[in-house]
Structure formats: structure tokens, C-alpha cells
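Heads up: the structure comes next, in C-alpha cells.
A short reminder: the numbers here are calculations on the coordinates, not readings from a lab. Not measured: the values here are computed from a predicted model. Quick reminder, even Gly has a Cβ in these numbers, built from the backbone with ideal geometry, and neighbours come from all protein chains shown.
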Amino acid sequence: MLEIPGRLLVEAMVRADGTVDCGDLYTVAGHLGMTDQQVRLSIRRLVNDGHFVQEGRGRKAILRATAETWRSIEPDIEFVRLMYRQDHGEAPWDGVWHLVGFAIPESTRPARDALREAIVHLGGAPVQNGLYVSPNAWEDLIEADAARLGVTNHLTFLTSRDLRIGTERDPRALAAGLWPLDEIAERHIRLIEIAAKHLTRLRTDPPETEQLTIAIELATEFTHAMEPDPLLPPELLPQPWPGTEARELVAQCWALLLNKPHHNAPRLFEVYTEAAQSVTA
């Protein structure tokens, strides 16, 4: 059974109004093999750290996500849409590499580290110190992070259709050298196995609590597979690419889940509803 950290489970259970029903939380946690004590400890840590506010006690309690927590856990539907558009050939690569360089003084090291993390999170790969590349247009996103960190004046943007690293110019070979594609593919293969298992179970119309448990497992594995994925266009990936099959199976699972009535569904249902609609539209 998939092991899901307590914090991740609580965040996955956040509903559209920013609350978590602790009765549902304990029930789903039990289906995932977690004890009540593990759930209580997770809730206590999250409340003590200021991520949630608790109202009531035990299974009748309600957790309310703070504004900062809500922003941090809100999935970016645009990235999910891009994944599926690429899979369906709706976002072909234009051959342009997008590069960003920065030279941020040591005196603002925390901002420099935060910007580097943001660039990597957006799929950037280091070409050399302080210079990162992506095949996707990301300038607006990086500028927004830089503005938030107060380092906009330390950035340099450029694009190129003729990227060469050493003597290598071939785009697919460059991508293979810049990103850990084998490791990323292994995560997608794991997602294929889990999504296929859940798809079979969902076709038998399991109880609502089990459906919710499946949804959280799917969302967790989907995130695990997609977080390190730079969303390279198909033109730069080995073919067949397991990410395409993985996302298609997940979309089929969500199509079945979304056709069933759910009481107080988590926010992730809404997110994947939009993702599924982008696939089936």
C-alpha cells in the first residue's frame, strides 16, 4: 500500500472552502493503513506550526487552512493542462530554448537560493553556474518570483534556436544530458502500475470512502511523478514516453470518479475535474 505522509494526507483532504472534516480524515487514513494516533500527531504538528486552525475535538473537529497554507497547496491547473496538451499534440515545440541567468550578491543569499529553487521547480536545468534553460516559455513566471524576492534587476533573459553545449547541438541529445529522464520515466512507470490497479477497482463501483482513498492515492502518486518532470515537449523525449500513458490512465480514473456523487469533495476533485475536461474536450 502506498505510504502517504500525514501532512500530505491532510492537505489532500482540504475542501474547496479551505476546511478539512476530521471525521472523513480519520476514515480515509484508516483505509490507508494509518492509526488514529498518527493522524492526531499530524494534526497537532500542523496546528502548532500555524498551517491550520482547529475547531472542535476528535473526529468532530474541523481544520481550517490558513491563507498561506491555502496558497502553498493550491495546485496549478495550467501546468496540468499543459501536460495533457503536449500528450495530445496540441503544444508542439517551436524549437526555441528559453534561458535565464542571474548573479545575485552573497548579501542576499536567501533570495538567490529561493529563486534557484523556483527556477528548478519550473523545470529549469543548469547549463552552468547561474544559467538555466527550458524549452518552455517561462519568462513571466520567473519574473513574478523574482519580483516577489526583490531580485528582478539581477536577471538576464535570452532565447536561442542554436543551443550548443560543448559540441552537442542535437535538441534531443541536449535534453537527455540536461534532465534525469531515466529517473523521471521510472516515476511515471510506477504511476502507470498504480493507476491501472485503481482503474480496475473503480470499474466495480466501490463505496464512496474507498473512492476518496483512491483519489488521494492517485493525486499523491501523480504529484510524485510530476514534480521533477520539466514537461519537455514530445519532440525532446524518448518515444514512447511513459508519462503519456500514465496521464491517460489517471485521466480515465478521474473520469470514473467524477461521474459519481461525492459528499464534501476535496479541492483536488475540482482540480482534476478541470484536467479531465481538458483531455476529453
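For the reader, a short list of remarks on this structure follows.
- Segment 49-117 shape via C-alpha gyration tensor axes, a/c threshold 1.5: oblate
- Computed over the chain with a Gaussian network model linking Cα atoms closer than 10 Å, the most mobile of Ile142, Ile216, Ile194 is Ile142.
- Virtual paramagnetic centre 7 Å along Cα→Cβ of Val96, amide N under 18 Å, in segment 133-157: 133-144, 156-157
- Pairwise label distance in nanometres, Asp162 with Trp70, each label 7 Å out on the Cα-Cβ vector: 5.1
- His224 paired with Glu248, simple spin-label distance in nm, labels 7 Å along Cα-to-beta-carbon: 2.3
- Over segment 97-160, equivalent-ellipsoid semi-axes from the Cα gyration tensor in Å: 18, 12, 10
- Nonlocal amide H pairs with Ala16, under 5 Å, H built at 1.01 Å: Arg267
- Sites Ala103 and Asp182, calculated FRET efficiency, Cβ-Cβ separation with R0 25 Å, nearest 0.05: 0.20
- Förster-model FRET efficiency, 41 Å R0, Gln239 and Asn48, C-beta, rounded to 0.05: 0.25
- Structure-based [θ]222 nm, the chain - -39500 (n - 2.57) summed over DSSP H runs of at least 4, per residue, nearest 500: -17000 deg cm²/dmol
- Among Ser134, Ser160, Ser107, the largest mean-square fluctuation in a Gaussian network model of the chain, built with springs joining Cα atoms closer than 10 Å, belongs to Ser107.
- Degrees separating the helix 77-87 axis from the principal Cα axis of the chain, which is the longest one: 70
- Prolate/oblate/rounded call for the chain, Cα gyration tensor, a/c under 1.5 rounded: oblate
- Nearest-ten-degree value, helix 22-31 long axis tilted from longest Cα axis of the chain: 80
- Degrees, to the nearest 10: 208-226 long Cα axis against longest axis of the chain: 20
- Burial ordering of Lys60, Lys197, fewest other beta-carbon atoms within 10 Å first: Lys60, Lys197
- Relative contact order computed over the chain (Cα-Cα under 8 Å; 6+ residues apart), in percent: 25
- Ordered by the number of other Cβ atoms lying within 10 Å of each residue's own Cβ, fewest first, His88, His31 fall into the sequence His88, His31.
- Fraction of the pair-distance distribution of segment 142-263 above 18 Å, Cα-Cα pairs, percent: 64
- The order of Trp93, Trp179, Trp138, going from fewest to most other C-beta atoms within 10 Å of their C-beta, is Trp93, Trp138, Trp179.
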